[in-house]
1. When you look at Asn11, is it in contact with a helix residue (DSSP H, G or I) (Cβ under 9 Å, 6 or more places away or on another chain), surrounded by 13 or more Cβ atoms within 10 Å (Cβ to Cβ) and within 17 Å of Gly138 (Cα to Cα), yes or no?
2. I'm checking my understanding of the structure. Among residues of the range 102-150 that are of a type in the set (Val, Ile, Thr) and over 17 Å from Phe21 (Cβ atoms), which one is modelled with the highest pLDDT?
3. Tell me yes or no: at least one residue of the range 119-127 is in a strand (DSSP E or B), touching a strand residue (DSSP E or B) at 6+ places or on another chain (Cβ under 7 Å) and either of a type in the set (Val, Ile, Thr) or within 19 Å of Lys5 (Cβ to Cβ) (or both).
4. From Gly75, Gly93, grab the single residue that is touching a Phe, Trp or Tyr at 6+ places or on another chain (Cβ under 9 Å), assigned to a loop (DSSP other than H, G, I, E, B) and closer than 23 Å to Pro13 by Cα.
5. Of all the residues that make up the range 46-62, how many are surrounded by 15 or more Cβ atoms within 10 Å (Cβ to Cβ) and either part of a strand (DSSP E or B) or at pLDDT 90 or above (or both)?
6. Scan the range 14-45 residue by residue and report those that are charged (D, E, K, R), part of a strand (DSSP E or B) and out of contact with any helix residue (DSSP H, G or I) (no Cβ under 9 Å at 6 or more places or on another chain).
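The values are calculated or read from the model by the stated rules, or taken from the named source; none is laboratory data. For clarity, every value in this text was computed on a predicted model and none was experimentally measured. Methodologically, a virtual Cβ is constructed for each residue, glycine included, from the backbone with ideal geometry; neighbour enumeration extends over all protein chains shown.
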Amino acid sequence: MLTLKDSITINRPPEVIFGWFSHFTENYTSWHQDHVVAKLIRGGNFEKGSILYAEEYLDGKVEKLSFEITKFTKGELIEYKLLFPHSIICPRGSFSIKPLNGEGSVFTATLSFRFGWLFSKIAKKRVDAIRTHMREEGENLKDLLENSSY
């Protein structure tokens, strides 16, 4: 299994970051210039069992992704599994937030891929594009939350 992980320090408390995520479908397109749309298909925002649909460009191609929330701990963790067909290669991901001393937090995005070494060899360009996208999402979230009235 190949696990991609990106962490960034955001100078805001976990409640502010989770507040932003509680309006995920409205905030999705402002998070990254390659994000197209996000909508809830079933359930409430990040409730266990909820289904979220999103479209985004990755390496110039539009990706249509469906996620099921598998675990939610308010202020700390959102875990999800990707649904078919993406689940064949990427079965799960997460967003976690750890408070720092003071008002800051560490935001971490994680994606796990099957066929780890093989996937990273035959799809190196795609893996690099995913890494870049994850890093940009972290940087953009930091900028959105630290430099706005959110």
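1. On the way: in contact with a helix residue (DSSP H, G or I) (Cβ under 9 Å, 6 or more places away or on another chain): yes; surrounded by 13 or more Cβ atoms within 10 Å (Cβ to Cβ): yes; within 17 Å of Gly138 (Cα to Cα): yes.
Against the criterion (in contact with a helix residue (DSSP H, G or I) (Cβ under 9 Å, 6 or more places away or on another chain), surrounded by 13 or more Cβ atoms within 10 Å (Cβ to Cβ) and within 17 Å of Gly138 (Cα to Cα)), Asn11 qualifies.
2. So in the range 102-150, the residues of a type in the set (Val, Ile, Thr) come out as 106, 108, 110, 122, 127, 130, 132.
This time we only want the ones that are over 17 Å from Phe21 (Cβ atoms), so: 122, 127, 130, 132.
Numbers: Ile122: 68, Val127: 82, Ile130: 91, Thr132: 95.
The residue in question is Thr132.
3. Initially, the range 119-127 is screened for residues in a strand (DSSP E or B), giving none.
The answer is no; no qualifying residue exists.
4. Just a single option satisfies the conditions, and that option is Gly75.
5. First, the residues of the range 46-62 that are surrounded by 15 or more Cβ atoms within 10 Å (Cβ to Cβ): 46, 50-57.
Narrowing the set further to residues that are either part of a strand (DSSP E or B) or at pLDDT 90 or above (or both) leaves 50-57.
Here the count works out to 8.
6. Taking the range 14-45 and keeping what is charged (D, E, K, R), we get 15, 26, 34, 39, 42.
Okay, now just the ones that are also part of a strand (DSSP E or B), so 39, 42.
Scanning the range 14-45 gives a single hit, Arg42.
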